[in-house]
Amino acid sequence: MAWLGKPPSQLKPFLANRVAEMISLTDLMPWKHVRTHDNPADVISRGMTPEKLATCSLWWHGPSW
């Protein structure tokens, strides 16, 4: 995420191209970090079983905020 705050010209070509593409495809709103505890995308990577995933509120409804 720190790369998104830098002008692409300050990055190596591969990263510069990726950052430029991300910036061109998204709104100009600032990017924010979501802690892993509140991030539904991290649920699977934390080793949750399919049975627990089926009833995981964070996965199905997102964080409470």
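The values are calculated or read from the model by the stated rules, or taken from the named source; none is laboratory data. None of these values were measured; they are calculated from a predicted model. Backbone-built Cβ (ideal geometry, glycine too); neighbour counts: all protein chains shown.
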Which residues, taken from segment 1-20, are under 28 Å from residue 35 (Cβ atoms) and part of a loop (DSSP other than H, G, I, E, B)? 1, 6, 7, 11
Filter segment 41-54 for residues that are assigned to a helix (DSSP H, G or I) and hydrophobic (A, V, I, L, M, F, W, C); the one that is modelled with the lowest pLDDT is 44
Name every residue in segment 18-40 that is modelled with pLDDT of 85 or more and loosely packed, with under 10 Cβ neighbours inside 10 Å, in order of residue number. 24, 25, 35, 37
What number of residues within segment 42-62 satisfy the criterion of being within 18 Å of the chain's Cα centre (by Cα) and surrounded by 10 or more Cβ atoms within 10 Å (Cβ to Cβ)? 7
